[in-house]
Structure formats: C-alpha cells, structure tokens
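Rule-based calculations on the coordinates, nothing more; no lab input. Everything quoted here is computed from the prediction, not taken from an experiment. We place every Cβ from the backbone using ideal geometry, glycine too, and count neighbours over all the protein chains shown.
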Amino acid sequence: MTFSPLGALRRLNPFHWSAGLVIRGMAELCIADHLAEKPRTASELAAAIGAHEPSLTRFLRVCELHELIVPVAPDGWQLTGAGELLRSDVPSLRGFSIAVNAPGMTRPWERIAEVVRTGEPATRAVWGMDHWEYYAANPEEARSYAETSASLSLEAADALVASYDFAGAETIVDIGGSPGTVLNRLLGEVPAARGVLLDLDWAVPYAEETLGAFDGRADVIAGDFLSEVPAGGSHYLLKNVLCDLDDAGAARLLANVFEAAPAGSRLLLLDWEYTEHSSHVHANDVEFMVLTGGRARTPDEYEGLLAKAGFGPARRLPLAGHERAPIVLLESVRP
C-alpha cells in the first residue's frame, strides 16, 4: 500500500498542539466577552479589542475550526458552548486556558523526550529556576494560574464539605492552599473554626484577597512547607499538593506536618488517583513529571507515605458527587 502523507497527517494530527494556543489567544483577546451578548462582525470585534482586522479575520477562522465560534449571516460570528467557557464575567475556564497554554507550562514540554530519558523535570533546564520560582518572576502568568486554581477548587471545596464532617474543627491549616478558595468555603461552613493558610510569597496576595471577608478568623502565612508548617491545627489539609512533589519531597512535607500537628489532629489528603484505566489523570501525571518532578499516586502509595511519616491508618472516604472520578480522599489521625 502506497504511503499517503496527507492521509497520515489526518490520522496522526501532529498540529494538535496549536489548539491550546488558539484557545489561549481567544481568551487573552477577550473575544468571548464581546460575543456574549450578541454576534459581531470581524470589523466590530477588531474595533472592540483593538486588533488588526485582517489578522483577526484569519484567526477567527481557526477559532471556528476548533468549534469555539460559528459564522452567522450575513458576516458575523457567534459563541458556541465551548466558547462560552472563555468568558471572564462568569465562572469559566478562561484563567485555566491561559495558564496551561502559557510559556511557563508549555516551554518545558518541548523537552519531553529528555524528561523521559533522564527522569528529571525540565523547568529548571528551560528557565533556570523551578516552576514556582518562575511564577514569582512572572506575575501575569501567576495570576492566570491563581484563577486556574480558584476555578478548579470551587467544585472540590463543595465536594469536600459534602463528604467530610468538619463539625468541631477548631483550626484548619490549609497547606499550599492559595488562592484560598477551599479554606474560604470551609470557614463559611464552620463558623467557630479559625483558618491558617500557608503558601509561597508570590501566592499570598491571592489568598489574602479571597479570605478578606474572614479577617480576624484567617491568617495567611508566607513560607515554604518543605521547611516547616504552622503548628497547632486540629485539621491539616493537603489538596493537590503531593502530586507536585517527588517521593522525597512528599516525605519531607508529611514529616513536617507530623511534627507540627498535635496528637489527635487530623490530616485530610485530597489528590489525583493514578489508575489502571487511561484518563486525564495520566496527562496530568506527565505534566507533573515535566514541570515539577511530581506524580499522581495510587491510594496505596499515598497511604504508604502517610504511614512512613508516622500517621495512623488512613481511612478512604467517598468524594460526594465524584465517587467514580480518579480522585482520592484520605483521612489520617496524628497518634
């Protein structure tokens, strides 16, 4: 059978990488915001967003290709359901779409073959700094990342409240919890509880902004959880933190929590679950490998890390509304 490059291109689709950058471009240009009320022409959009009309017209065609917009008569464009997800004035994935397709996340992927050969993350090789230092040096990308964390955490916070009884909680310590979305929800649920959030310097302002309504009940602390964590909590929360750490880093963090936590306090771990069946978690897992050196783990692996740090037997809890999702929720008590 004669090899057909054009036929092979349709099967392999090696240009698929550009789809994310198209989505990011549409999000950064705020096209969805300007199409939210009614269809507009390319000329009207160009005037609204300050764009070069011929270039915008060409770009809109590829947005159509990715089903973000559709043409309407006579010469206008209308948002699709997917395009609605890029609006900035409603809950959406706009920040997420910018952050995951921005240089801080995409450039290290250029070295994926080297990461697979060596087992070492690529961010430092690309930028001369680790992933979190990169955000400290690039505040615009950091804000998009914070928006990403906020949007993804809203649903997780509701599920956590529906899955775990926080009645009696006195002090909830959210480690690596910026922008504070989860702690904000928990403090609203448990009026008698105080909250402490620990994160890196660059992430602190986002948490302070989110938790402003709980002034006097919430402390936001700048620090490195690989060095120490706040002491005296009745509950410690690690949400999607261990996945960004290799085994040595995860062990160090859990040891710090064990040292800081009083006897009888509870550690709640909410994180991605590595499964045998292919899912988006496997894509996330390789992203952790490329960016931070972290990894998604099986429940047994999470439980092993907790036991090694000295915590009591872990109790796995169903996550309300997400029972079949590749997410694990564990509770372990500090002896």
Legend entry - Dipole axis of the chain (+1 Lys, Arg; -1 Asp, Glu on Cβ), positive-most option in Y236, M105, H277: H277
Legend entry - Estimated translational D of the range 261-335 in µm²/s (Stokes, Kirkwood radius over Cα pairs; 20 °C; 1.002 mPa s): 162 µm²/s
Legend entry - Given charges at Cβ of Lys, Arg, Asp, Glu: the chain dipole, positive-most of A309, T181, T80: T80
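Assuming 0.890 mPa s and 25 °C, estimate D for the range 164-226 with Stokes-Einstein, Rh taken as the Kirkwood radius over Cα pairs, in µm²/s.
215 µm²/s
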Inset, instruction - Kindly state, to the nearest 0.05, the FRET efficiency for L226 paired with R324, given R0 = 35 Å and r defined as their beta-carbon distance. - result: 0.55
Legend entry - Nitroxide proxy distance, nm - points 7 Å out along Cα→Cβ at F15 and A47: 3.2 nm
Legend entry - log₁₀ of I(q)/I(0) at q = 0.06, 0.09, 0.10, 0.11 Å⁻¹ - the chain, Debye sum with one point per alpha carbon: -0.25, -0.56, -0.68, -0.80
Legend entry - Pairwise Cα inverse-distance average, inverted: Kirkwood Rh of the range 1-96 (Å): 14.3 Å
Inset, instruction - Count the DSSP beta bridges whose two residues both fall in the chain, then state the antiparallel fraction as a percent rounded to the nearest 5. - result: 45 percent
Inset, instruction - Using only the Cα atoms of the range 59-205, each taken as one equal point scatterer with no solvent, compute I(q) by the Debye sum, divide by I(0), and report log10 of the ratio at q = 0.09, 0.10, 0.12 Å⁻¹. - result: -0.44, -0.53, -0.72
Inset, instruction - When a/c is below 1.5 the answer is rounded, else prolate if a/b is larger than b/c, else oblate, so apply that to the range 205-296 with a ≥ b ≥ c taken from the square roots of the Cα gyration tensor eigenvalues. - result: prolate
